[in-house]
Structures are given as C-alpha cells and as structure tokens.
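Right, one structure below, let's go through it.
The values are calculated or read from the model by the stated rules, or taken from the named source; none is laboratory data. What you see is a predicted model; the values in this text were computed from it and never measured. Here the Cβ positions follow ideal geometry from the backbone for every residue, glycine too, while neighbour counts run over all protein chains shown.
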C-alpha cells in the first residue's frame, strides 16, 4: 500500500510540473462534464419523467456511476491505460520487479486532472439529494455508501477485463468502450428503463443493476426490501473472476509475448 | 553445474501477414493469414559466475527474445533454464530480486521527476533495508558521477546522463546478474567510456555476472572476453573473442613508404597498390605472417616508414555474418 | 490537384486496414444506438409537452448518427497531426512544395471516409431490418433523399474543415489539452451527435443556429427524416455551404499565421 500511495504522489508531482496545463485541463474537465448532466436536464425539460423516475433521481443515479468511473480514472489509471503499458513494452519492466503485478499496474499511472470529475459527481449528487426529500435513516446511509463503493469496484473490474484483453491483442481494443463508456452511458439511467435482455445482461454478466438500480429502489423508498439495499455487496464477488482472467492473460503473455 | 545453464531453448511467434493494395486490404479485413517465425531455435549455453558475456547477432537474430526468456518475461516453448538454481519464469518474484536489467532503448525512470525519487520508490519495491540502500546508492552516485544530476527532472537530462541513472536504478538492489541490452546506444564517446569503465569495475569488485547485447563492437572488445554469436535463432559461435579474431581476422593492411619500386608476387598478398609515397598492401595473415613479409620486403627495398592496420572488428563481423548467411 | 488525390487515396487505403478497430466500432455503435433508443422510448412512453420530433423520426435520426458517426464526429483526433504540432516535426511538412492546409484536409477526409466505409454498411443493413419501433426508417421522399445526400456531402467537407482546424489552433496553444479539447467537446455536443438539436433548450438552439456545428449532421439527418420540409431547406443548405467556404478560408489564414509563429520560435 505504501508503494501505491508513494507512486500516486510521484504522479501528482509529475503532473504539477506543468502547472498551467494542469489548471487549464482541470477547468475544462469541469466544464466538459457538466454538459453531460446538462443533457439529462435538457431531456427532462421536454419529457415529464422516464418510467416513473424524476430528473433528480436520474441525476443521483448518474452521479454515482460517474463517481465510480472517475475514481478509477484517477486511482486506477494504470489499468485503464494498460494498452499503453503493453504497446510501449513497459509491462516487461513490471515483470522484472518482485511485486504483485496488479499492484504495480495500479502504481504505473495516475491522472489527477480527472479528479475534477470526481468532485463534480459529488456536487451533482449533493444537489440531487437536497431536492429528493429522502427519509434518512442509518440503512439508507449504508446503502448510499455501498452504491458509491460498488460503483468504484465494478469499473475497476471492467477496466481489469479490458486490460486482460490487451494480453491477447491491442487491436480492436475500442470494443471495451461498449463496457466502460457504454456501460457508463447506460447506467446513468436506472437499468429498469431498458428492455428485459439488457436488464438480464447487466444484472448477471456485468452487474450494473446491483450498483444503481436495486439499491436505488430501496434508497428512494420505491422498494422496502433490505436485501435490495445490500445488493451492492454482490459486486465485490464479481471482482474475483476479473482478477482470475487477468492472471490467465498474464500467463498467456509470458508464453506468447507481445 | 554452472551459474547459468540454458538447455535447448526454443520459441516460436505468430505474425500476421500484411499485403498492400485496396483489394488485399478488403480481403484481410475479413480473413488474415499468419506466419510462424522461429525466434529462438534450440539454444544452449552455460555461463559461470562473474563472467562478462557479449551476446551478439544482427537485428532480428533472437537476441532480445533470449534476454526476455533469461529474465523471466517470456517462457520458452521448450527447453530448460536454470539460473542461480531457479527457473526464471517459474519463480518470478524470487528470481527477479537477483537480476538487474537495463534496456538501452527504454527508460524505467519517471520522466517528469528527478531520478532520486525513482530510486526511493525502487527501494520500497525491492524492500531494500535502509542502511544497505544508502550505502549502495552513495556508492553508485560516486562511481557513476551522479551527484549533480539526480535532483533534476529526468526529461531535462542528456542521454548519457540518463543512461547513467538507468544503470544505477538497475543496481540499487545489488543484483547478482546484470542484463545490459544495448547500454551504449546513442551515447557520445565520453559517456560510452564512462559506462564501460563502470561495468568493468562492477564486474571486478562485486563479481556481478554480466550479459551484454550490443551492436557496438568496441563495447565487446573492451568488456567481454567471451562472445556468443546468434543468427536466425541459433548459436553460431560460442567462445573467446581472441579465437574468433584468429579465425576471422585474416586480412591486414600494410602501408609502406618507399622511394624504390616494388615487384613482388608471393602467396598471401591479396593486393598491391601504388600511391604517392609508396605502396598499400593487403595480406592474408594465414598464408603469410607480417614478419615473414617484412623480411622479404627489407631484402628488396629500403623502407622509410611502415604502418600496419588490423581489419576493423566491425568489418570482421560483417564478413562473419556473410559467411553464416545471416 | 493530383498530389492531393494521391495523398487522399493513400490515407483511404491505409484507413481500410484498421479492420479490428472497425469491428469494435460497429459493435460499440450498435450498443450505443440501442441504449439511446431505449432511453428515448422510455421517455416517449412516459409522455411530455412540446416534444419536437416523433419517436420514429428520433430513432431513424439516432441510427443515421451511429452509422455515420465515424464521419460526422469531431472527437476522433488525428493523433499524427497533433503529435507533429507537439513535437515540432511540423518543420518537415513545411519543406513539401504543396499547400499544407489542403494536404491535411485531404488526409483527414481520406481517413474519415475509410472509417465510415468500413462501418456504414453493416449498421445500415442490420438496423433497417429491425422490427418496429427499433429500426431505421426510409427517407421521407425520393427528393428528400437526394437533398439529404447533397447536404451530407457538404456536411462531410464541413466536418473535415473543422477537424483540421483543431491542430491548427494547437499550433498557437502548443498543447491540445485544456482549451482545444474543451472546444472539441462543445463542438460535438452542438453538432447534435449526443442529443438532436430540436431537444435543446430554446436559448441553446438560438446559439447553435449561428454556429457551424449543427450543419454537419443535424441538418442532413433532419432532412432525411422529414423534420425539416424540403421547401424550407434551401436556405440552411446555402448557409451550410457558406460555412464550408468560410472555414476553409479561416483555416488557411490561421495556418499561415500560426506557422509563422512556430518558425519564429524555431520549432
């Protein structure tokens, strides 16, 4: 853990070397991402609701997903940009070091400009919560925290899967956008608005539904089952196969090369 | 058993075929053909502790594949390899603590921050005890003359300065084996000399085993007593540089300053050319030794001055590659 | 002219070789298409006031958008051009005896057309076979289709002129991070590739109408679905054409000006 935080500190130090660029990029990140929230607001100006969900409910849903995604961009940038490690041959260097590989990949990159998105997601979440008249109790607080945590975990898992793909080929890597960006765009709305096949896929294959649908229903008081509120815990299990797949990919890499 | 034992290692890669033209582009959009390339083909050798071995061969001969296998990055399709009692690709974490690798064309230093920060991070990664770390670091700083450069962001360093920091970074954990993959590439003469001197000293003082790949033959002549020549994935020669020289260095250039005219025909003289001040001769030293020739010459003409040039090693290597058709 | 054509052809053929990127793009675009369409269907089912387009118009618009995305988007950056600018190797380009602006223009056009050629057919064929209400609809009329093609052609050249403009601006800022990336994102949104322009709030529609971006794809797509009547689309097409000329002129001038700066800096 010490190595990880030290690496992050070094990345930050490196980024701050280019001060003007850092500030400009930070500001533009904030502006760019408000446009995404703006789209939701624009659509709700024309339509009344989406399958019974109001604008602030959707904004809450989106901000949680956005939070998880951006946290990964900041703190797991090395996994996100794993293809660069492979293409540049820097992954070989990691294999020469006596440490866990995933840890080293995490240490290999960081992008603190993206923390603008994290901050923004938190702001939007707070605004949405203030408008929603939630009946707060301890279970709801736990559910909200679990949603935030599972949002981070699910994207970490997906990034890890995409990284595993790089062990086979870096060609056509764009397909991961379906699961990362695509997943993010889709999960900005409660999964329930989509057709059955989608819901099943994103419940059991990539469990977005446990991040921001079932717990959301509980959190908003639409469903009273406590299991719904605790369902984000299932996402943690999902991480396991992702790690296994990554290790399988690594094995292949060392037998096939790049 | 030797310190490094490599037995019959082979490795094959698959590469996609590429063709040009619009029609072919559409075709390969749908289906792609592959070629199998044997990068390393049944290679065996052994190296003792404390040796410096030059691993040479033309581009694409299989040098870096071998280095990758020896350092545990790749595992071979077949064959065995034991280094310091371990199989590199099987006991990765334990093994890599014992080796250091310098890639001349790739950097392990963090670009935007001073090298010393990278060193500190490596200390944590390799779990080097503080005292040992400080003494190794100070030793390296002194020997590689890093004092004034480790506090400057790496991107502002010259190539030579950076390479010295790279080498230091690879040695912080005092490895028993050091792999150097083209460590002098792109360096100026002074930096090259500094790097070579350091490597020599390291080998002498710490008995570090060193495996060196390079295209710069003067690296080899100054550092390695033994070379392994590889071409098309096979070992073509393994032995001392001197022996190879004796085998191959058959042409010698002799330039004679004389006022007399020379008429000589003898076995072993490959060519004779007149110039302004005398003659240029090329001889085959296998057929006629230099002293033999000089005796003959001194009987016939009066020699004012004489200059003997050995065939440059680069040229020798070119002939070597040609002979092996690699 | 021949040099530009050769250059264009070269880039087009090179672009056709990125087959795996194309397959990935096709699947991504199907996925995004379905997601957006389901979101809109859910919205339409929930009802609302002042909905500017019918559901089938919206769905056809969205599929056209996905099928042609590789052509009409501005976010696919030409890394080569940006790298050239960043690392100063642009000096080599200056040594060539051709107008650098048009070299870049045809390079980008070649790449865009290659990318869209690989992606367009599978998307169009599959989506037009999809059942109601998910499928791509037919054009509003035959004349409508012809006008759509005309407008799309101008739109393609327009988006090329814009895509070339970004590295040119970067010549002045020296880094595409920050300002230039921000410009590209906003330009993409204002072109309607995220949400069709009619769904924008009124004030933004007004801003957008004086900018060139909605003339890239929003105009041709709305002509196709019949959201803009044939007889009222003559003026927008003229504006579209004027923007095209204007942007090429601006690009040329800006390039000359910024290059002077680079040369002075010794870049």
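Below, the figures for the structure above:
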item	result
Per-region count, segment A:1-31, residues within 8 Å of chain C (Cβ to nearest Cβ) and either surrounded by 18 or more Cβ atoms within 10 Å (Cβ to Cβ) or at positive phi (or both)	3
Every pair of residues 6+ apart whose Cβ atoms lie under 6 Å, when the first sits in segment A:71-95 and is farther than 16 Å from residue A:171 by Cα and within 12 Å of another protein chain (Cβ to nearest Cβ) while the second is outside any helix (DSSP H, G or I) and at pLDDT below 85	none
Whichever residue in segment A:96-110 is within 21 Å of the chain's Cα centre (by Cα) and without any contact (Cβ under 8 Å) to a residue 60 or more places away in the chain and, among such residues, is nearest to the other protein chains (Cβ to nearest Cβ)	A:104
Among the candidates B:161, B:105, residue that is assigned to a loop (DSSP other than H, G, I, E, B) and under 24 Å from the mean Cα position of the chain (by Cα)	B:105
Members of segment B:78-102 found to be within 11 Å of another protein chain (Cβ to nearest Cβ) and over 21 Å from residue A:252 (Cα atoms), listed by number	B:97, B:98, B:99, B:100, B:101, B:102
Within segment B:108-125, considering residues that are outside any helix (DSSP H, G or I) and more than 27 Å from the chain's Cα centre (by Cα), the one nearest to residue B:171 (Cα to Cα)	B:114
Where residue B:210 falls short, out of the listed (1) surrounded by 20 or more Cβ atoms within 10 Å (Cβ to Cβ); (2) at pLDDT 90 or above; (3) more than 13 Å from the chain's Cα centre (by Cα)	(3)
Selection status of residue C:105, part of a helix (DSSP H, G or I) and either loosely packed, with under 15 Cβ neighbours inside 10 Å or at positive phi (or both)	no
Some residue of segment B:51-67 being out of contact with any helix residue (DSSP H, G or I) (no Cβ under 6 Å at 6 or more places or on another chain), surrounded by fewer than 19 Cβ atoms within 10 Å (Cβ to Cβ) and not in a loop (DSSP other than H, G, I, E, B)	no
Hits in segment A:125-145 - residues which are touching a helix residue (DSSP H, G or I) at 6+ places or on another chain (Cβ under 9 Å) and part of a loop (DSSP other than H, G, I, E, B)	A:132, A:134
Enumeration of residues in segment C:43-75 that are under 15 Å from residue C:195 (Cβ atoms) and in contact with a strand residue (DSSP E or B) (Cβ under 8 Å, 6 or more places away or on another chain)	C:43, C:44, C:48, C:51
Search result, residues across segment C:180-194 that are part of a loop (DSSP other than H, G, I, E, B) and surrounded by fewer than 20 Cβ atoms within 10 Å (Cβ to Cβ)	C:194
Yes/no for residue B:114 being within 11 Å of chain A (Cβ to nearest Cβ) and surrounded by 20 or more Cβ atoms within 10 Å (Cβ to Cβ)	yes
Check on residue B:246, surrounded by fewer than 17 Cβ atoms within 10 Å (Cβ to Cβ), under 30 Å from residue B:43 (Cα atoms) and free of Cβ contacts under 8 Å to residues at least 60 places away in the same chain	yes
Complete set of residues in segment B:117-136 that are closer than 23 Å to residue A:5 by Cα and surrounded by 13 or more Cβ atoms within 10 Å (Cβ to Cβ)	B:117, B:118, B:119, B:120, B:121, B:122, B:123, B:124, B:125, B:126, B:128, B:133
Single unsatisfied condition, residue B:66 versus (1) modelled with pLDDT under 90; (2) farther than 20 Å from residue A:103 by Cβ; (3) more than 8 Å from every other protein chain (Cβ to nearest Cβ)	(1)
Helices (runs of 4 or more DSSP H) wholly inside segment A:185-258 containing at least 2 residues that are more than 14 Å from chain C (Cβ to nearest Cβ), under 30 Å from residue B:75 (Cβ atoms) and more than 21 Å from the chain's Cα centre (by Cα)	A:233-256
Helices (runs of 4 or more DSSP H) wholly inside segment C:1-83 that include at least 2 residues being without any contact (Cβ under 8 Å) to a residue 24 or more places away in the chain and more than 9 Å from chain A (Cβ to nearest Cβ)	C:2-16
Residues being part of a helix (DSSP H, G or I) and surrounded by fewer than 19 Cβ atoms within 10 Å (Cβ to Cβ) - total across segment B:218-233	3
Per-region count, segment B:118-140, residues within 14 Å of chain A (Cβ to nearest Cβ) and touching a residue at least 12 places away in the same chain (Cβ under 8 Å)	6
Only one of A:67, A:53, A:34, A:91 that is out of contact with any strand residue (DSSP E or B) (no Cβ under 9 Å at 6 or more places or on another chain) and surrounded by fewer than 20 Cβ atoms within 10 Å (Cβ to Cβ)	A:34
Number of the condition not met by residue B:74 [criteria: (1) out of contact with any strand residue (DSSP E or B) (no Cβ under 8 Å at 6 or more places or on another chain); (2) in a loop (DSSP other than H, G, I, E, B); (3) buried (at least 16 other Cβ atoms within 10 Å of the Cβ)]	(1)
Options B:305, B:314, B:238: the member that is within 29 Å of the chain's Cα centre (by Cα), at negative phi and exposed (fewer than 14 other Cβ atoms within 10 Å of the Cβ)	B:314
Helices (runs of 4 or more DSSP H) contained entirely in segment B:234-326, each with at least 2 residues that are under 30 Å from residue B:38 (Cα atoms) and touching a helix residue (DSSP H, G or I) at 6+ places or on another chain (Cβ under 6 Å)	B:313-324
Residue A:67 being away from every other protein chain (no Cβ under 11 Å) and either within 20 Å of residue A:118 (Cα to Cα) or out of contact with any helix residue (DSSP H, G or I) (no Cβ under 7 Å at 6 or more places or on another chain) (or both)	yes
Checking residue B:143 against (1) surrounded by fewer than 20 Cβ atoms within 10 Å (Cβ to Cβ); (2) free of Cβ contacts under 8 Å to residues at least 60 places away in the same chain; (3) over 23 Å from residue B:50 (Cβ atoms); (4) within 23 Å of the chain's Cα centre (by Cα), the condition it does not meet	(3)
